[in-house]
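Working notes for the structure below.
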Amino acid sequence: MLPGDFVRTTFYLYAISKPRKWIRTATSGFYRMDHIYDVIYEASKKYRGNFSILEFGTNEGYSFTKILYATKYAKMADRITVHAFDSFEGMPAAVERSDTNIITNSVEWIEGQFHGNYEELAEYCGKKYRNYEIHKGFFEDTITEKFLGRMTESPPILIWIDCDYYSSAKTVLERLIPHIPSGCVIYFDEYEWNYGSRFTGEARLVHEVNMGLFERNIELVLDTKLSWDSKRVYRFMRFEGGPYYEIAAPAIPDPSLHRTNDSPLP
Ligand SMILES: C[S@@+](CC[C@H](N)C(=O)[O-])C[C@H]1O[C@@H](n2cnc3c(N)ncnc32)[C@H](O)[C@@H]1O
């Protein structure tokens, strides 16, 4: 009924298309702070002992301090230590083709981009929190055997990978994998880079793990509840062999579903 294609198109774009997209994002769009709370509450209910949360790529600490606050809010600060790993020198140089934007055929991040300020972050955290450690340096130097040995006492419940490059994230996984318990959540902040192509970035790592290129009996399973409409949140699964979380109270499942009525309602 509207006059002319221009008015019809404008009506469609602003009265139909945009609201449809907005509603979709508002109701089912991924927001990267949600799963922090889900994971912490899950650990507090299901498992015994102490835990760690590891962030690789911290920059100014935007997500790091939000994670720290979540441990405090959930009253888990005495059981969870949050570890930040970053050189604070910004992005290193791209190492290989898998670190490049394959749409524009160019380098996405320039060397030194996301330069952080270690002293400022340390001072800020020191005033507000106690359950954290900041590991300054390149991952190859800071993810040491000594540090990894500590994962036995406080296994990771959330590994937050936000170092953008395939090469950086690969160093992280290569060292961590033997110490990750089955069921641990791994979050890839930049999974959708290059539209999630299996040739580049963090998506390449997910592909390689699931092809068995790291270890034969491990996989990364997309957690669809935690990921919402993204492909960013995975469960690390190991077919056999530890480490394992210590279950808080053994669940005694009632296998039978008791009959109620014959309608689709419960
Ligand atoms: C996108 S920023 C992190 C953003 C941060 N998580 C936030 O929420 O604001 C990426 C960071 O990864 C760090 N990084 C990348 N590769 C690294 C490596 N091999 N070793 C140490 N730090 C690295 C960079 O210094 C940079 O601060």
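None of the figures in this text is laboratory data; all of them are computed from the coordinates on show. All figures in this text were calculated on a predicted structure; none of them were measured in a lab. As a convention, Cβ positions derive from the backbone with ideal geometry for all residues, glycine included, and neighbour counts pool all protein chains shown.
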Residue-count net charge about N131 - beta-carbon cut-off 11 Å; Lys, Arg +1, Asp, Glu -1:
+2
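Please rank W22, W109, fewest neighbouring Cβ atoms within 10 Å first, as an exposure proxy. Write down the numbers at each step before the final one.
Numbers: W22 11, W109 18.
Fewest-to-most Cβ neighbours within 10 Å comes out as W22, W109.
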Once you sort the root eigenvalues of the Cα gyration tensor of the chain as a ≥ b ≥ c, which label holds: rounded (a/c under 1.5), prolate (a/b larger than b/c) or oblate (the other case)?
oblate
Counting other beta carbons within 10 Å of each Cβ, put V39, V172, V107 in order, fewest first.
V107, V172, V39
Looking only at GluC sites (Glu not before Pro) in DSSP loops with at most 15 other Cβ atoms within 10 Å, what is the longest site-free stretch of the chain?
1-88
Compute the distance from the alpha-carbon center of segment 1-57 to that of segment 144-174, in whole Å.
27 Å
Which listed pairs, of K66/K231; K66/K225; K21/K231; K46/K231; K128/K170, have C-alpha distances above 23 Å, in listed order
K46/K231; K128/K170
Expected sort for D34, D164 with the fewest Cβ neighbours (10 Å cutoff) up front is D34, D164
When a/c is below 1.5 the answer is rounded, else prolate if a/b is larger than b/c, else oblate, so apply that to segment 190-247 with a ≥ b ≥ c taken from the square roots of the Cα gyration tensor eigenvalues.
oblate
Which residue fluctuates most in the GNM of the chain (Cα springs below 10 Å): I16, I67, I103?
I16
Identify all aspartates and glutamates with a Cα-Cα distance to K146 below 18 Å; exclude those on the same chain that are fewer than 8 residues away in sequence.
E55, D86, E133, E174
